[in-house]
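Single-structure report; data block below.
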Amino acid sequence: MPAFHFNLYDLTLFLPMAVAGALLVGGIPVATRTTRYSLRAAGAVVGALVALLVVEALPVLV
């Protein structure tokens, strides 16, 4: 029995959450372009992790 209840249609949540995280964290004003890109990448990863938590928590809540 798998530990994760992950289906292919759950991927439709990951891309919007990653984009939202990148836009939210990428909107922080910084001095250099490298720092801005690093913050966007970190925001995308955090957004995808939040999406994973939501996908895994939904079966428990229902």
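Throughout, read-outs are computed from the coordinates displayed, never taken from laboratory work. The structure presented is a predicted model; accordingly, all values stated were derived computationally and were not measured. Quick reminder, even Gly has a Cβ in these numbers, built from the backbone with ideal geometry, and neighbours come from all protein chains shown.
One chain, two ends: Arg36 and Ala20. Fully extended at 0.36 nm per residue, the span grows by 4.3 nm beyond their Cα-Cα distance. Take the chain and mark each of the chymotrypsin sites (Phe, Trp or Tyr not before Pro) that is in a DSSP loop with at most 14 other Cβ atoms within 10 Å; the longest unmarked stretch, sites excluded, is 7-62. Note on the chain: helix-only mean residue ellipticity at 222 nm, from DSSP H runs of 4+ residues weighted -39500 (n - 2.57) and normalised by residue number, equals -25500 deg cm²/dmol.
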